[in-house]
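Only the coordinates and a few stated rules stand behind these numbers; no lab work does. All values reported here derive from a predicted model rather than from experimental measurement. Cβ atoms come from the backbone with ideal geometry, glycine included; neighbour counts cover every protein chain shown.
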């Protein structure tokens, strides 16, 4: 956790500098000096407020996850009550253009690479995974799916989201967000159709997003 005393502006500057430095150099070559030069702060001050490199990565990922959760909440508020539209909102938020830049994709790859080695990062990964699958299960349950069935389908959709992110991170870091959203939702619709659940009714919000 960042030490008490760092301002919100300095914290944001340091996190943005960390994301940029990971993208430029990779996590293994990441140093406090490289972050400091981008943040306009001294390396010693960053180490004082954030601790180790691992703690700084954890703070960065907490910030990204907070941003993602705020985006999911906003998209859900816009989606209306239809469960298919709300699932589309969750998927859309996970592939929002603000979340899909090469810099942020690189930060996520660094995070996933360190999860097996850092207990704090493992906890963050569990929070992210549980929150995503819980949101999906809730909306799938409103479509009439039983508990076991909606759990399997939520895991399928969540795995697709993570897998697309991982492939983008391992390639050139360029994530095609519209194509990713289409792939996940088309796969979901195939599974729903196999269970006799039609998705012909699309909300006005979905139509607007598809035409954007």
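Across segment 55-211, C-alpha contacts under 8 Å between residues 6 or more apart give a mean separation that, scaled by the residue count, equals a relative contact order of 31 percent.
For a Förster distance of 25 Å, can you work out the FRET efficiency between the beta-carbons of residue 65 and residue 190, rounded to the nearest 0.05? Result of the calculation: an efficiency of 0.25.
Based on Cα contacts under 8 Å between residues 6+ apart, segment 1-51 shows a relative contact order of 47 percent.
Using the Cβ-Cβ distance between residue 48 and residue 159 with R0 = 35 Å, the FRET efficiency computed as 1/(1 + (r/R0)^6) comes to roughly 0.30.
Packing-wise, with mean Cβ within 10 Å as the measure, how do 153-162, 84-93 rank, highest first? Don't skip to the answer; put the middle values down first.
Numbers: 153-162: 18.5, 84-93: 24.0.
The packing order, highest mean first, is 84-93, 153-162.
Return the Rg/Rh ratio of segment 49-171 with Cα-based radii and a Kirkwood Rh. Checking Rg against Rh, the ratio lands at 0.99. Seen against the Cα atoms of the chain and their longest principal axis, helix 8-25 is set at about 90 degrees.
The order of the peptides 109-117, 18-26, 141-149 by mean Cβ neighbours within 10 Å, most packed first, is 18-26, 109-117, 141-149. Derived value for the chain: Kirkwood hydrodynamic radius 18.4 Å. Basis is the mean of 1/r over every pair of different alpha-carbon atoms. The share of alpha-carbon pairs in segment 124-193 lying farther apart than 19 Å comes to 37%.
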